[in-house]
Amino acid sequence: MAAEQSAEHFRGQARLPGFAAPRRYDLRLTPDLAACTFAGSVSVSVDVAAPTRFLVVNAADLDVSPGDVHFAPKGSGQVLLPVEVTSALEDEILIIRFNEVLPLGEGTLVIAFQGTLNDKMKGFYRSVYELNGEKKNMAVTQFEPADARRCFPCWDEPSFKAVFKITLEVPCETVALSNMPVVEEKVNGPTKTVYFQESPIMSTYLVAVIVGMFDYVEAFTADGTSVRVYTQVGKSAQGKFALEVAVKTLILFKEYFAVPYPLPKMDMIAIPDFASGAMENYELAHQWFGNLVTMEWWTHLWLNEGFATWVSYLAADRFFPEWNVWIQFLEESTTGFRLDALAGSHPIEVDVNHVDEIDEIFDAISYRKGAAVIRMLQSYLGAEIFQKSLAAYIKRFAYSNAKTEDLWAALEEGSGEPVKTLMHSWTKQQGYPVVSVKLKDGKLELEQTQFLSSGSEGVGQWVVPITLCCCSYSVQQKFLFRGKQDDFNLSGLVECQKKDDFWIKLNVDQTGFYRVSYDEELASRLRHAVETNILSAADRYGVLDDTYALCMAGKQKLVTLLHLIAAYKNETEYTVLAHAINTSLSIYEMMAVAAPEELVNMKKFLIDFLEPFAQRVGWDAKSGEGHLNALLRGTLLSALAELGHQSTIDEAVRRFNVFLEDRETPLLPPDVRKAAYVALMQTVNKSNKSGYESLLKIYRETDLSQEKVRVLGSLASSPDPDVVREALNFLLSSEVRNQDCIFVLRGVTAAAHEVAWTWLKENWDYIAETFTGHLLTYFITVTVSPLATDEKGDEAEEFFKSRTKASIARTVKQSIERVRIKAKWVMSTKGEADLGNVLKELAHKH
């Protein structure tokens, strides 16, 4: 029992002890924006549920003196002082020991503390902005997953929900924001005390505090909820689109989940230094899945992130049907597929045994695979049943915590289907199947094996919701494939097979999270169905994505994939064509290592394939064209520039030179600017760096973050390794915000991957010290994964052997595995005897 334990017992534990839990926090913070420090005090109403002489809370990077801590049991009139307050740095906990056993029931724990407004973009940190030409600091919080403890001592786990009453003491001229509206402000000379309304019950990671200078735009929902978008001073007009979408979204989600938004206001704010894509304290997509119903522990993170990803597409499709977002969603699935095809992947429900492991699971499995599996289940159960069951789940667990099993129970209850049995194989084990299809004597022969990009055979087995169309989308067959292999007699199959244009497609519209491998005859017929545009856009995407994955795993020949790409010459859908372009560039990159002698023909084939599309969309927007055309234009022109297409480069440089003199010229609108910058960088080398210098000039002169990001994403795309190295050094300079470094790394092209790897090794100590969380893991993923020889894989293994910590271990392992997979693909490509002839034929034909 806790009354007899020593302080040592609490060290090295994955989670806090359960003998005491918070009910209410009264938090007061006083940030000093000039000195970048803060002082604070927290008074926590605590429920002591079992006899204990200890209270254990999370705290990190905070100064707490034993004299600043006391506990008052409710109604006793006593104030108990601790005999010892121990800070366990590795565990990020504060162990408070009292002489006597604490009375059961309610009491108040009071702690005063001090901290630093750090520059790590986590906890309570500082972000730098400019106001009237002067640099200023704002104070910002980012607490997910486990950094509230860097702002105030607390029970920093999602299941310890409580209410929060927040008070801030800040400079008079600043705007102070928190989760709830302001109820009172008291001015006291140069400072003011801002009192916020008490929050609903919520987890610590959702607490938000922001202090700085902002403008805002505001609107209201029909039921009176205030919605504001806060921006830097003078930029509020840039918040209008976000405001419009936010108001619509709150109304949509209220209807969809049949639960109203529970706060009186919702603020969205743009922060200059921010490591994540966004944070949901409180935010639209997460409000119902995450904030209202919260995962019990980080193992169930996907309940937050997978659902938020899926539901954001649901909203975008409702408001902007012309964007075809469910086709674009397939890019999310592909990212999930690629990570989950590694032996070093993890199940959707992943064990988390230490706080250092949490950051790495904010990845494509929790977000992308999570969302794809939800879409698969919605498709299987039907949209209406799915929606009603979700609403029941939200009502049941509102202001509480849930596990994955709780969701399955609600969906099973609502649908009458064996959801738990079906879904366990998708969330409890890592990976996914490839279903092999053969047609024999009018029967469909199916076999499933775990798909791994290495070509190895995995041991996983799934309950697969198969959907199938034959020759037409008018009739769709559905069944569950539970075994390792099975034969299916399907109605209409024999008749359909007699048709000249016979084809069969599994995983209709790509709603399932599995790949399909067809025998040679079926694959050939699908290629014809692609060429004649009979298949849906989602299925055209799926056929290409599956073939590419199977080719990389050594299960299909590269020449088969190249013939398939050629079949997309009449493609009309942006997402499908963009995928064909990215697949082609990936093959080109691999062939630079595997078959450099074939690059001339490969380049000719790709340029001939892309040129007709580029001629159709041109450089200039057409009257009345859609959003997707604008996206396609930039993607096509960038690809042609990277391939060294001279007329594209010449036209880009001509337009860029006009833009350099006149930033308002219609010749270079934002949609094609990145393509022009990439094209310009193809002309840059160490003896002629004028293009590079011109881009830096634009970077330094603009105050638009989108423009800065466009420039950063282009700087490392020069074919000259010396220029690439200079761009990489620039990303570590004080001119580039830490969260923007990833854009430079992402812009490194095939010719410079080894340069980037050498640069990473040389600068590792500084990078590992400066960057944390997923920013640090991104450096590893983007720099190591593109390497394509076993020699480089060995180098990476050796380098990280003595440099791997728990927070990057999974990423290092996955990145090295990707190098091994590419090296294997290189070797299998070298073994394709007919590759040269096929490329000559394709280059000549196009």
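No value in this document is a laboratory result; all are computed from the given coordinates. All of these numbers come straight from a predicted model, not from anything done at the bench. Positions of Cβ are generated from backbone atoms using ideal geometry, with glycine treated the same way; all protein chains shown enter the neighbour counts.
Our compactness index for the stretch 117-194, the C-alpha radius of gyration over the empirical 2.2 N^0.38 Å, is 1.26.
The distance linking the stretch 684-723 with the stretch 774-826 is 28 Å (Cα centroid to Cα centroid, whole angstrom). The stretch 341-406 and the stretch 441-517 have Cα centres spaced 26 Å apart. Modelled this way, with points 7 Å down the Cα-to-C-beta line, the labels at Q615 and K248 are 3.8 nm from one another. Partner lysines whose Cα lies under 20 Å from the Cα of K840, excluding those fewer than 8 positions away in the same chain, are identified as K557, K569, K603, K604, K830.
Using the Cβ-Cβ distance between D722 and K403 with R0 set to 51 Å, the FRET efficiency works out to roughly 0.40. The Stokes-Einstein estimate for the stretch 293-428, based on a Kirkwood radius over Cα pairs and taken at 37 °C with 0.692 mPa s viscosity, is a diffusion coefficient of 213 µm²/s.
In the stretch 213-305, taking the dipole from charged Cβ atoms about the Cα centre, the farthest positive-side position among T299, M213, V259 is held by M213.
Grab the alpha carbons of the stretch 314-362, take their convex hull, and tell me the volume per residue in Å³.
Working: hull volume 4.8 nm³, N = 49.
Normalising the Cα hull of the stretch 314-362 by residue number yields 98 Å³.
Convex hull volume per residue, computed on the Cα atoms of the stretch 478-635, equals 148 Å³. The convex hull drawn around the Cα atoms of the stretch 772-846, when projected onto a plane and averaged over every direction, covers 6.5 nm². As a size descriptor, the averaged projected area of the C-alpha convex hull of the stretch 432-556 was calculated at 7.0 nm². Principal axis analysis of the Cα atoms in the stretch 400-474 yields extents of 53, 37, 17 Å, listed in decreasing size.
Number of Lys-Lys pairs in the stretch 293-428 with C-alpha atoms under 18 Å apart and a separation of 8 or more places or on different chains: 8. The slack in the chain from N489 to K240, taken as 0.36 nm per residue of separation less the alpha-carbon distance, amounts to 84.0 nm.
What is the extension gain from V653 to K428, computed as 0.36 nm multiplied by their sequence separation minus the C-alpha to C-alpha distance, in nm to one decimal? Display every interim value, and only then the final one.
On the way: separation 225, 0.36 × 225 = 81.00 nm, distance 5.26 nm.
Once the chain is fully extended between V653 and K428, it gains 75.7 nm.
Relative to the longest principal axis of the Cα atoms of the chain, helix 627-642 runs at roughly 70 degrees. Built from the Cα atoms of the stretch 276-333, the convex hull projects on average onto 4.5 nm², one quarter of its surface area.
Of the trypsin sites (Lys or Arg not before Pro) in the stretch 729-831, the ones in a loop by DSSP (not H, G, I, E or B) with at most 13 other beta carbons within 10 Å are R803, K805. Would you give the gap between the C-alpha center of the stretch 635-668 and the C-alpha center of the stretch 123-146, rounded to a whole Å? Each part reduced to its Cα centre gives a spacing of 36 Å. Normalised by 2.2 N^0.38 Å, with N the number of residues, the alpha-carbon radius of gyration of the stretch 765-810 equals 1.15. For V182, put the label point 7 Å out on the Cα→Cβ axis and report which residues of the stretch 19-45 keep their amide N under 16 Å from it. Answer for the stretch 19-45: 29-31. Principal-axis analysis of the Cα atoms of the chain puts helix 325-340 at an angle of about 80° to the longest axis.
Computed extension length for D834-S705: 41.6 nm, one decimal, from 0.36 nm per residue of separation with the Cα-Cα distance subtracted.
Tell me which GluC sites (Glu not before Pro) from the stretch 25-102 have a DSSP coil assignment and no more than 11 other beta carbons within 10 Å of their own. In loop regions of the stretch 25-102 (DSSP not H, G, I, E or B), the sparsely surrounded GluC sites (Glu not before Pro) are E90, E100. So for the chain, what percent of the C-alpha to C-alpha distances run longer than 52 Å? Tail of the P(r) past 52 Å holds 18 percent of the pairs.
Helix 705-715 and the long axis of the chain differ in direction by around 50°, with both axes built from C-alpha atoms. Evaluated at q = 0.30 Å⁻¹, a Debye calculation over the C-alpha positions of the stretch 445-499 (equal weights, vacuum) places log10 I(q)/I(0) at -1.23.
Only helices enter this figure: runs of n ≥ 4 DSSP H residues, each worth -39500 (n - 2.57), summed and divided by the residues of the chain, yield -13000 deg cm²/dmol at 222 nm to the nearest 500.
What fraction of the Cα pairs in the stretch 7-211, stated in percent, has a spacing above 24 angstrom? Don't skip to the answer; put the middle values down first.
On the way: 8426 of 20910 pairs.
Summing the P(r) tail past 24 Å for the stretch 7-211 gives 40 percent.
Projected label points at S733 and E798, each 7 Å from Cα along the beta carbon direction, are separated by 3.4 nanometres. Checking every one of the GluC sites (Glu not before Pro) in the stretch 131-222 against DSSP loop status and a limit of 10 other Cβ atoms within 10 Å picks out E173. Note on the stretch 209-292: along the principal axes its Cα atoms extend 37, 26, 19 Å, ordered by decreasing extent.
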